[in-house]
Every structure is written in C-alpha cells, then in structure tokens.
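See structure below.
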Amino acid sequence: MTRTLLEWVFTSVFLILVVLALRAALGRRISARMRYALWAVVLVRLLVPATLPAADFSVLSVSGPVRTQIETYRPAPEAPVRTPDASPRAEAPAAAERPASPAPEAAKSAAPTVREVLPLVWKCGMAMMACWVVGTNLRFWQMLKKRRKPLPVEGCRYRVFLVEEGLASPCLFGLWRPAVYLTPAALASQASLGHVLAHEETHARHLDPLWSLLRSVCLVVYWFDPLVWIAVSASR
C-alpha cells in the first residue's frame, strides 16, 4: 500500500473512533449542529483521498543536505604509478570484460499475487454493494409509488402521501423532490400529524436525503470495514 492510502485509512479510522468516543461520553450534550459537523469531517476524510500537509521541520528534512552530499561524493581517481624503466607496454592491460551472462528469467507463477487479487476483490465488492443499495432503494420506491395516496395537508411545503400498508413508520423519501409518506397511525390526531410533519420537514431542512446518499457511497466504497458500518449506523 502506498503512503497516501495508508494515511487515508489510518486518519479515517482515527476520526471515526474520536467521534464515537465523543458521542458516547457527551451524548445529547453535543448539539445537533456539532454532531453534523463532526460526522461531516469523517465523511470528507472517507470520500476525499487527499494527503495531509507535511511538517516543515523533521529529522529527515534537516539531514537531507548532508545525505545529498554523502551520496553525490565521489573520490578522485588516483594516477597510475610508473617505474622509471617501465615501458608503456609494461602496464598491466585491463582485464578483458566478460560479457554479462543474461539473468535467468524469473519463473512466472500461474497464480496471481495478493497485490493483484485484492484490488479485484475490492472492486467486485463495491459493484455488489452498489447493486444492493440501488436495488433496495428502487424496490422501496416502487412500493411507495404503488401504494401511496395523495393527502392534502395545509401548511406543509412538501408533497404528502398516505401509505396504508407496507410502511413501518413515516419517512421522507426523495433526493430532488422529497415527499413525506405517512402511515395511518400518524393521522390518529391533529397533534400527532403536526409532530410528524414537523419532524420530516426538519429532515428536509437538514438535507438528510443527501446525507443518506453520501452514507451509502461510504458503504459501497468501504464495504469491508466494520468500523464504517458502525459509523454509518451511529450517524443516522
């Protein structure tokens, strides 16, 4: 693994652990806005493979000029010593250079190496995970379209539908044109209806459908990392 990939993985793990620790220690004392900000930092670290800026001062940077001089230093060749009675032909001729024997070719193994297999496994896992996420949302969307009934509600800026069966609880669904889907229990009283609508409108103001999409992207990319699954569950 390259240094960039290692830094990406380790900083992501560190940030997730820090946010989970703060969430466990402080609980509801952390405001909703701060919780969004903390998980946004984790999200950016997971989805943006950027390297952190290197420190200006380090042992390696200080020793760099010295190491360069040592590596580039070459001693001057000494002149050959000749005796007075030596003739030009008395010099020992240079040994005839033997042609370098070709290095034997390394035996190529039929089995692929681990470095070749792991990227393929990762990409196959991402493809399967993406199909599962898209398929699950499409099935849910088809169910909503099939069973929903328009419900006129005054004072709600979003479309409201009633789903009499198949929906466990009211929800906000849709990325570009989100709509509120209600269950019969939400219509038990005017007060409960008002609370449910306020709850779903808050989800829309906080752009929670977009957050849900980005969480799904994290699961697709990091399908193999249980810590990312924990972070996605805790950030809902």
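The values are calculated or read from the model by the stated rules, or taken from the named source; none is laboratory data. Everything quoted here is computed from the prediction, not taken from an experiment. We place every Cβ from the backbone using ideal geometry, glycine too, and count neighbours over all the protein chains shown. Areas reflect the complete protein model, heavy atoms only, side chains present, ligands, DNA and RNA absent. Shrake-Rupley method; radii C 1.70, N 1.55, O 1.52, S 1.80 Å.
General observations
- A full extension of the chain between residue 140 and residue 21 corresponds to an added length of 39.5 nm, given 0.36 nm per residue minus the alpha carbon distance.
- For the pair residue 158 and residue 236, the difference between a 0.36 nm per residue extended length and the Cα-Cα distance amounts to 25.9 nm.
- Here region 8-37 is scanned for amide nitrogen atoms under 19 Å from the site 7 Å beyond the Cα of residue 227 along Cα-to-Cβ, giving 8-25.
- Averaged over residues, the count of other Cβ atoms within 10 Å places the peptides 186-195, 25-34 in the sequence 186-195, 25-34, highest first.
- Here the spin labels are modelled as points 7 Å beyond Cα on the Cα-Cβ line, and at residue 202 and residue 113 they lie 5.4 nm apart.
- Per-residue Karplus couplings for region 165-180, computed as 6.51 cos²θ - 1.76 cosθ + 1.60 with θ equal to phi - 60°, are listed in order as 8, x, 10, 5, 7, x, 8, 10, 9, x, 9, 8, 10, x, 9, 9 Hz, Gly and Pro entered as x.
- Length available on full extension from residue 190 to residue 217: 0.36 nm per residue minus the Cα-Cα distance, which gives 5.9 nm.
- Think of a 1.4 Å ball rolled over the protein heavy atoms: region 131-229 then has 63 Å² of accessible area per residue.
- Simple label model, 7 Å out from Cα along Cβ direction - residue 7 to residue 41, nm: 1.8
- Region 135-209: C-alpha gyration tensor shape, a/c 1.5 cut-off, then a/b vs b/c: oblate
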